[in-house]
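The values are calculated or read from the model by the stated rules, or taken from the named source; none is laboratory data. All values derive from a computational prediction rather than experimental measurement. All Cβ positions, even for glycine, are placed from backbone atoms using ideal geometry, and neighbour counts span all protein chains on display. Side chains included, ligands, DNA and RNA excluded: accessible areas come from the protein's heavy atoms. Shrake-Rupley method; radii C 1.70, N 1.55, O 1.52, S 1.80 Å.
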Amino acid sequence: LYGNSSDTNARTVQVEVNQTGPVITLNGSDTIYLEALSPYTDAGATAKSNTGADISSKLIVLGNVNNKVLGTYLINFSVVDNFGFTAEKNRVVIVRDTKAPVITTKYGSNTIRHQINTPFTDANIVVTDAFYAPNQITLTRTGIVNDKVAAGYNVQYTACDPSGNCSPIFFVLV
């Protein structure tokens, strides 16, 4: 056209395939310490595609936590984006017992009246624990009561549960 000519230029256009998968972000910590018997509701997670689009609705959550059984539990979050790329994150939930047993007396005070000439036993001591049954608690007594001599005797008790939690020393006057 009009006698103008131009050189031919070649251009190469390279189309890159998405090589970046989605990203999962946990809400809260990736490790949770849960006191035994406490309720647990997972804080969840969010997921974004490589373009930043929210794909949290595609998250699949697997795993559960039994707050009645001490141990380590895994909550798995996974997602697949529109290109078939996957991402995965885990949250570890550790159910543990950290509460010490509690010692009291049947009478509600630290003084126990005891009949002379009858054997002294620990029957008036009450031990409770937030997780373990009373028969699973180890009760240790320090001190002797001479049931033949009327006097005031100081006796000390401690209680330990199978998790290794021990009560403070509980003093009793007999």
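Numbers for the structure displayed
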item	result
Condition met for Ile94 (modelled with pLDDT of 95 or more and open to solvent by 30 Å² or more (accessible area, probe 1.4 Å))	yes
Exclusive hit being under 29 Å from the mean Cα position of the chain (by Cα), under 24 Å from Thr46 (Cβ atoms) and surrounded by fewer than 18 Cβ atoms within 10 Å (Cβ to Cβ), set Leu74, Leu139	Leu74
Matching residues, segment 153-174, being assigned to a loop (DSSP other than H, G, I, E, B) and open to solvent by less than 60 Å² (accessible area, probe 1.4 Å)	Tyr153, Asp161, Ser163, Gly164, Asn165, Ser167, Val174
Failed item, numbered, when Thr111 is tested on (1) more than 17 Å from Val145 (Cβ to Cβ); (2) touching a strand residue (DSSP E or B) at 6+ places or on another chain (Cβ under 6 Å); (3) not charged (D, E, K, R)	(1)
Unmet criterion (only one of (1) among the aromatic types (Phe, Trp, Tyr); (2) loosely packed, with under 14 Cβ neighbours inside 10 Å; (3) touching a residue at least 40 places away in the same chain (Cβ under 8 Å)) for Phe131	(2)
Enumeration of residues in segment 79-93 that are over 14 Å from Lys48 (Cβ atoms) and in a strand (DSSP E or B)	Glu88, Asn90, Arg91, Val92, Val93
Check on Ser109, surrounded by fewer than 14 Cβ atoms within 10 Å (Cβ to Cβ) and not in a loop (DSSP other than H, G, I, E, B)	no
Residue list for segment 9-60, filter: open to solvent by 80 Å² or more (accessible area, probe 1.4 Å), of a type in the set (S, T, N, Q) and either in a helix (DSSP H, G or I) or modelled with pLDDT of 95 or more (or both)	Thr41, Ser57
